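Questions regarding the structure given below will be posed in turn.
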Amino acid sequence: YESALSPRERIKKTESIFRRILILQCCMRQLQVATGNAHKLSEIRSLLGPEWEVVGLSDLGIEEDIPETENTLEGNALLKARYLYERTGQAVCAEDTGLEIRALGGEPGVRSARYAGDARRSDANMDLVLSRMRGISDRSARFRTVIAFLDDSGRSHLFEGVCEGSIREQRAGTGGFGYDPIFQPEGYTQTFAELSTDQKNAISHRGRAVRAFIDFLIV
Ligand code: ITT
């Protein structure tokens, strides 16, 4: 395979390997994540393990809410990452997550945080989903996470994770956060809110996206 590459492609490939090694060295100890969501941070921390120091916006003294004005998960993840990169000039990442319900044409999707209004209350968001899904038999849905990573030269890299499942008729469980009490992952009889963090991370959208990101860093 190597010999099938042109000299130019070989140089590009070698550069890419060195870049990844550099990124890995820079980021081994600290990963800055442009999120104000403590639940996301805690899941990312347990996914990455103790050798990473995962630092969120409030750890960096940034309390303002980054306006999410794009209409895709990719766009908003990049927007949040760029916001932090402009302040620190270091490698950073951000993620945007949406619950995509087939019978609702992919809603709440990119509007997941504010589905029931700017107060961003999970209870109200779940109530709205449950009421819109009343009487609908196709309950299939998926969570999708997009991670945007900006390396120290500001180049962007995107990683996606998807978890298929369905919307329950009622809430169940007290763990997790957001829409977890109404989402049942495929192959399980419990909702995300009834699973432990490790069980959720093993199959979740965020777990998959973070693992794709780690693969990129270490390949
Ligand atoms: P950021 O600071 O990272 O933007 P956020 O809470 O605003 O945090 P999003 O913009 O990605 O996060 O909005 C997604 C919403 O979807 C979020 O408010 C949660 O209510 C919900 N959500 C995200 N991840 C989830 C998960 O793993 N399980 C259940 N609900 C989730």
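Mind checking which residues of the stretch 197-219 are open to solvent by 30 Å² or more (accessible area, probe 1.4 Å) and under 18 Å from Gly187 (Cα atoms)?
Matches in the stretch 197-219: Thr197, Asp198, Gln199, Ala202, Arg208.
Among the residues of the stretch 119-132, is there at least one that is at pLDDT below 95 and over 18 Å from Leu73 (Cα atoms)?
yes
While we're looking at this one, here's another question. Looking at (1) within 8 Å of the ligand (Cβ to nearest atom); (2) closer than 15 Å to Phe149 by Cβ, which one does Gln90 not meet, given that it meets all the others?
Going through (1) within 8 Å of the ligand (Cβ to nearest atom); (2) closer than 15 Å to Phe149 by Cβ one by one, Gln90 breaks only (1).
Output yes when any residue across the stretch 195-215 is assigned to a loop (DSSP other than H, G, I, E, B) and more than 22 Å from Gln32 (Cα to Cα), and no when none is.
Yes: the stretch 195-215 contains one or more residues that are assigned to a loop (DSSP other than H, G, I, E, B) and more than 22 Å from Gln32 (Cα to Cα).
Same structure again: Scanning the stretch 47-62 for residues that are touching a residue at least 12 places away in the same chain (Cβ under 8 Å) and among the charged types (D, E, K, R), which turns out surrounded by the fewest Cβ atoms within 10 Å (Cβ to Cβ)?
Filtering first and then ranking leaves Glu51.
Here is a further query. Please give the number of the condition Val110 fails out of (1) open to solvent by less than 40 Å² (accessible area, probe 1.4 Å); (2) modelled with pLDDT of 95 or more.
Exception for Val110: condition (1).
Counting only residues that are without any contact (Cβ under 8 Å) to a residue 40 or more places away in the chain, in a strand (DSSP E or B) and open to solvent by 20 Å² or more (accessible area, probe 1.4 Å), which one in the stretch 146-192 is nearest to the ligand (Cβ to nearest atom)?
Among residues in the stretch 146-192 that are without any contact (Cβ under 8 Å) to a residue 40 or more places away in the chain, in a strand (DSSP E or B) and open to solvent by 20 Å² or more (accessible area, probe 1.4 Å), the one nearest to the ligand (Cβ to nearest atom) is Gln184.
The values are calculated or read from the model by the stated rules, or taken from the named source; none is laboratory data. Just so it is clear, the structure is predicted and the values come from calculations on it, not from any experiment. Because the Cβ atoms are built from the backbone with ideal geometry, glycine has one as well, and the counts that use them run over all protein chains shown. Accessible surface areas use protein heavy atoms only, side chains included; no ligands, DNA or RNA. Shrake-Rupley method; radii C 1.70, N 1.55, O 1.52, S 1.80 Å.
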